[in-house]
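Coordinate-derived values only; no laboratory data. Computed from a prediction, not measured in an experiment: that's the story for all the values here. Don't worry about glycine lacking a Cβ; one is built from the backbone with ideal geometry, like all the others, and counts go over all protein chains shown.
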Amino acid sequence: MMKKQNLAYVLFTAVGFAAMEPASKLLTDQITPLALTFFRFLIGSIMLLPMAVHALRRRRLTLTLRDLAGLAVRGILCVCVSMGLLQVAVFRARSAAMVAVVFCTNSVMTVLFAAWLLNERLTRRRVLALALCMAGVAAGGGGAADENVSAILLALAAAAAMSLFTVLGKRELHRIPTSVQIGVSFSIGTAVLGVLLLLTGTPLTARGLDAGGVGILLFLGIVVTGLGYLSYFKAMEQAGAFMASLVFFIKPVLAPLMSLLILGQAKGGAALVASILLVMAGSTMMLTEGRTYKRREGAV
């Protein structure tokens, strides 16, 4: 039963995350990318913060100033840096599917941060997996139009920031439960982003959205951001990082399909196909290493 539940978490998250880029692409002419990031995480935070408060009361946990500072750093990394860059990349790119595939390299980049911050072993297999994913990024960037290369680089930077966010959160899972981590960190990150937008004079309004745009924004906030991230970290909490990484193994396959269903196109051609195959190859190497490690661990 638990395995089916974990698989359900992974599949739900993968579908939601794969729909993010093409769905938000529909709002390009109605809202700025950073305002969209702010509003979708505001909606997600409104959903997730009560769950965090409930978890704190149920477990009788008290967050220290150090805990809050750590959650603030992770919230800024995820909301302001990673998701902000990703949203700008989506708005700039010709192919939302290409951006989605490049962002999926974060599951393998997490290995580098885990080796640095969690002292996890950096094996040759993991290095090769990272190399394959980076080759996928290069294939995507090489096949992109000149005005699209910046979108590829932004998506890559967003993936690196997401990887760091994931590793820092994993380090605290034994003390701070998932719902608390994402509820508090997302709320702080959203507040910081809102303040930064106001201070820089960036338009912070959703008044330009039509009825369809409001529906898309609610979908991005409730399904992708609120339920999607909760499901992702539940999979990580109950089945480990390797099970959660399946999300970014499945997403490259779903991304072109979602672009076709939502946008009616999946631009990228041969470059997109090459990028998907290389990123999936690298992710598969990581996934199979996780299974091998678990078998050895169980045999000891």
So Ala115 and Arg58, fully extended at 0.36 nm per residue minus their Cα-Cα distance, gain in nm 17.2 nm
Label model pair Gln265, Leu122: point-to-point distance (7 angstrom along the Cα→beta-carbon line) in nm is 4.1
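Contour minus end-to-end for Asp29 and Ser150, with contour as 0.36 nm per residue of separation and end-to-end as the Cα-Cα distance? Show your work: numbers first, answer last.
Values: separation 121, 0.36 × 121 = 43.56 nm, distance 1.94 nm.
Value of the extension gain: 41.6 nm.
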Beyond 22 Å, the calculated P(r) of segment 1-155 holds a percent of Cα-Cα pairs equal to 56
Expressed in nanometres to one decimal, the distance between label points 7 Å along Cα→Cβ at Ala138 and Lys4 is 4.5
Here the residues of segment 146-167 lying in the modelled label zone of Val192, meaning backbone nitrogen under 18 Å from a point 7 Å along Cα-to-Cβ, are 157-167
Rounded to the angstrom and largest first, Cα extents along the principal axes for segment 1-80 equal 46, 37, 19
Which of Lys25/Lys234; Lys25/Lys170; Lys170/Lys234 exceed 22 Å between C-alpha atoms? The answer is Lys25/Lys234; Lys25/Lys170
Quick calc, the chain, dipole around Cα centre from Cβ unit charges on Lys, Arg (+) and Asp, Glu (-), nearest 20 debye, gives 1120
Mean Cβ-within-10 Å packing, highest first, puts peptides 100-112, 193-205 in the order 100-112, 193-205
Diffing segment 192-200: the Karplus 3J(HN,Hα) column from phi (6.51, -1.76, 1.60, θ = phi - 60°), in whole Hz with x for Gly and Pro, holds 5, 4, x, 5, 4, 5, 5, 5, 8
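Using the alpha carbon gyration tensor of segment 143-240, what are the three equivalent-ellipsoid semi-axes (square root of 5 times each eigenvalue), largest first, in whole Å? Walk me through the numbers on the way to the answer.
On the way: eigenvalues 144, 81, 51 Å².
Ellipsoid half-lengths, sorted descending, are 27, 20, 16 Å.
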Taking the alpha-carbon centre of each part, the distance from segment 78-108 to segment 147-178 in Å is 11
Rounded to whole angstroms and listed largest first, the alpha-carbon spread of the chain along its three principal axes comes to 59, 49, 35
